[in-house]
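> One structure, as C-alpha coordinates, below. Some questions next.
The values are calculated or read from the model by the stated rules, or taken from the named source; none is laboratory data. Bear in mind the structure is a predicted one, so any value in this text is a computation, not a measurement. Note that we place each Cβ from the backbone using ideal geometry, even for glycine, and neighbour counts take in every protein chain shown.
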Amino acid sequence: MPKKPFKETTVGKLLLGAAKVINPALGGILEGVVSPQEAIAEITKADISNEDKIKLQQLIFDQQNKEMEAVTLRWQADSISDSWLSKNVRPLVLVWCIVVFSIAGLLDSIESLPFQINALWNDTFESVMMAVVLAYFGGRTTEKATNIFKKNK
(Lines give C-alpha, C1' and ligand atoms only; values in the text may rest on other atoms or scores of the structure.)
Protein backbone atom coordinates (compact mmCIF):
# COMPACT_ATOMS: atom_id res chain seq x y z
CA MET A 1 0.00 0.00 0.00
CA PRO A 2 1.61 3.30 -1.05
CA LYS A 3 2.18 5.94 1.56
CA LYS A 4 -0.38 8.76 1.62
CA PRO A 5 1.04 12.01 0.17
CA PHE A 6 1.88 14.53 2.89
CA LYS A 7 -0.64 17.07 1.57
CA GLU A 8 -3.43 14.51 2.15
CA THR A 9 -2.52 13.86 5.81
CA THR A 10 -4.06 15.77 8.70
CA VAL A 11 -0.78 17.54 9.41
CA GLY A 12 -0.28 18.30 5.72
CA LYS A 13 -3.76 19.76 5.26
CA LEU A 14 -3.36 21.91 8.35
CA LEU A 15 0.09 23.09 7.32
CA LEU A 16 -0.81 23.84 3.71
CA GLY A 17 -3.90 25.77 4.76
CA ALA A 18 -1.92 27.84 7.26
CA ALA A 19 0.98 28.33 4.85
CA LYS A 20 -1.33 29.63 2.11
CA VAL A 21 -2.82 32.14 4.54
CA ILE A 22 0.56 33.26 5.90
CA ASN A 23 2.38 33.29 2.58
CA PRO A 24 0.73 32.02 -0.65
CA ALA A 25 4.11 31.42 -2.34
CA LEU A 26 5.17 29.14 0.52
CA GLY A 27 1.92 27.18 0.14
CA GLY A 28 2.98 26.41 -3.44
CA ILE A 29 6.42 25.26 -2.31
CA LEU A 30 4.94 22.92 0.30
CA GLU A 31 2.56 21.25 -2.17
CA GLY A 32 5.26 18.77 -3.24
CA VAL A 33 6.68 17.76 0.15
CA VAL A 34 6.15 14.17 1.30
CA SER A 35 6.90 14.29 5.03
CA PRO A 36 6.78 16.65 8.01
CA GLN A 37 10.59 16.67 8.08
CA GLU A 38 10.72 17.75 4.44
CA ALA A 39 8.09 20.43 5.14
CA ILE A 40 10.17 21.80 8.01
CA ALA A 41 13.25 21.84 5.77
CA GLU A 42 11.35 23.73 3.05
CA ILE A 43 9.97 26.21 5.59
CA THR A 44 13.49 26.78 6.92
CA LYS A 45 14.79 27.52 3.40
CA ALA A 46 11.82 29.72 2.44
CA ASP A 47 12.19 33.47 2.04
CA ILE A 48 9.70 34.46 4.73
CA SER A 49 10.05 36.10 8.10
CA ASN A 50 11.47 34.08 10.98
CA GLU A 51 8.25 34.68 12.88
CA ASP A 52 6.21 33.02 10.10
CA LYS A 53 8.71 30.14 9.94
CA ILE A 54 8.35 29.58 13.66
CA LYS A 55 4.54 29.69 13.46
CA LEU A 56 4.42 27.10 10.68
CA GLN A 57 6.96 24.80 12.31
CA GLN A 58 5.09 25.06 15.61
CA LEU A 59 1.88 24.02 13.82
CA ILE A 60 3.60 20.88 12.55
CA PHE A 61 5.00 19.98 15.96
CA ASP A 62 1.69 20.65 17.73
CA GLN A 63 -0.29 18.50 15.31
CA GLN A 64 2.23 15.66 15.48
CA ASN A 65 2.09 15.81 19.29
CA LYS A 66 -1.71 15.65 19.22
CA GLU A 67 -1.58 12.59 16.98
CA MET A 68 0.96 10.88 19.25
CA GLU A 69 -1.15 11.68 22.33
CA ALA A 70 -4.21 10.17 20.63
CA VAL A 71 -2.27 6.97 19.90
CA THR A 72 -1.03 6.88 23.49
CA LEU A 73 -4.59 7.28 24.81
CA ARG A 74 -5.76 4.37 22.63
CA TRP A 75 -2.89 2.23 23.90
CA GLN A 76 -3.69 3.17 27.50
CA ALA A 77 -7.33 2.21 26.91
CA ASP A 78 -6.13 -1.12 25.50
CA SER A 79 -3.96 -1.76 28.53
CA ILE A 80 -6.84 -1.32 30.99
CA SER A 81 -9.19 -3.44 28.87
CA ASP A 82 -10.27 -6.88 30.07
CA SER A 83 -9.32 -8.41 26.73
CA TRP A 84 -6.09 -10.46 26.70
CA LEU A 85 -5.53 -9.72 23.01
CA SER A 86 -5.84 -5.93 23.32
CA LYS A 87 -3.35 -5.94 26.20
CA ASN A 88 -0.84 -8.12 24.35
CA VAL A 89 -1.12 -7.19 20.68
CA ARG A 90 1.80 -4.71 20.75
CA PRO A 91 4.26 -7.07 22.45
CA LEU A 92 3.15 -9.94 20.20
CA VAL A 93 3.68 -7.87 17.04
CA LEU A 94 7.08 -6.79 18.34
CA VAL A 95 8.11 -10.39 19.06
CA TRP A 96 6.79 -11.58 15.69
CA CYS A 97 8.76 -8.87 13.83
CA ILE A 98 11.96 -9.66 15.70
CA VAL A 99 11.59 -13.43 15.11
CA VAL A 100 10.80 -13.08 11.39
CA PHE A 101 13.56 -10.52 10.86
CA SER A 102 16.08 -12.72 12.69
CA ILE A 103 15.14 -15.90 10.82
CA ALA A 104 15.20 -14.14 7.46
CA GLY A 105 18.59 -12.60 8.28
CA LEU A 106 20.03 -15.95 9.31
CA LEU A 107 18.69 -17.72 6.23
CA ASP A 108 19.99 -14.95 3.98
CA SER A 109 23.46 -15.19 5.53
CA ILE A 110 23.91 -18.95 4.93
CA GLU A 111 25.56 -19.16 1.52
CA SER A 112 24.65 -22.81 0.91
CA LEU A 113 20.92 -21.98 1.01
CA PRO A 114 19.30 -20.49 -2.11
CA PHE A 115 17.40 -17.97 0.03
CA GLN A 116 17.91 -14.28 -0.60
CA ILE A 117 15.85 -11.36 0.64
CA ASN A 118 14.72 -9.10 -2.16
CA ALA A 119 15.86 -5.48 -1.64
CA LEU A 120 12.25 -4.25 -1.79
CA TRP A 121 11.20 -6.63 0.99
CA ASN A 122 14.30 -5.78 3.00
CA ASP A 123 13.50 -2.06 2.86
CA THR A 124 9.83 -2.66 3.60
CA PHE A 125 10.50 -4.92 6.55
CA GLU A 126 13.14 -2.55 7.89
CA SER A 127 10.56 0.26 7.87
CA VAL A 128 7.98 -1.96 9.59
CA MET A 129 10.53 -3.06 12.21
CA MET A 130 11.55 0.52 12.94
CA ALA A 131 7.93 1.63 13.24
CA VAL A 132 7.00 -1.25 15.54
CA VAL A 133 10.05 -0.90 17.79
CA LEU A 134 9.74 2.90 17.99
CA ALA A 135 6.00 2.74 18.57
CA TYR A 136 6.28 0.05 21.23
CA PHE A 137 9.15 1.52 23.22
CA GLY A 138 8.14 5.12 22.53
CA GLY A 139 4.59 4.34 23.57
CA ARG A 140 5.72 2.58 26.74
CA THR A 141 8.02 5.48 27.59
CA THR A 142 5.20 7.97 27.03
CA GLU A 143 2.84 5.90 29.19
CA LYS A 144 5.39 5.70 32.00
CA ALA A 145 6.22 9.43 31.78
CA THR A 146 2.51 10.31 31.80
CA ASN A 147 1.96 8.19 34.92
CA ILE A 148 4.94 9.79 36.67
CA PHE A 149 3.73 13.31 35.88
CA LYS A 150 0.19 12.49 37.04
CA LYS A 151 1.50 11.11 40.34
CA ASN A 152 3.66 14.23 40.95
CA LYS A 153 0.75 16.66 40.51
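> Can you give me the number of residues within the stretch 29-47 that are modelled with pLDDT under 75 and charged (D, E, K, R)?
Qualifying residue count, the stretch 29-47: 1.
> If you don't mind, another one. Please go through the stretch 117-144 and give me each residue that is over 27 Å from Ser79 (Cβ atoms) and in contact with a helix residue (DSSP H, G or I) (Cβ under 6 Å, 6 or more places away or on another chain), ordered by number.
Ile117
> All but one of (1) acidic (Asp, Glu); (2) farther than 17 Å from Thr124 by Cα; (3) assigned to a helix (DSSP H, G or I) hold for Asp108; state the number of the condition that does not hold.
Only one criterion in (1) acidic (Asp, Glu); (2) farther than 17 Å from Thr124 by Cα; (3) assigned to a helix (DSSP H, G or I) is unmet by Asp108, namely (2).
> OK, next. Could you list all residues from the stretch 80-94 that are assigned to a helix (DSSP H, G or I) and either surrounded by fewer than 13 Cβ atoms within 10 Å (Cβ to Cβ) or not assigned by TED's automatic domain parsing to the domain that holds Met130 (or both)? Break it down into steps so the answer makes sense when it comes.
First, pick out the residues of the stretch 80-94 that are assigned to a helix (DSSP H, G or I): 80, 84-94.
Within the stretch 80-94, Ile80, Trp84, Leu85, Pro91, Leu92 meet the criteria.
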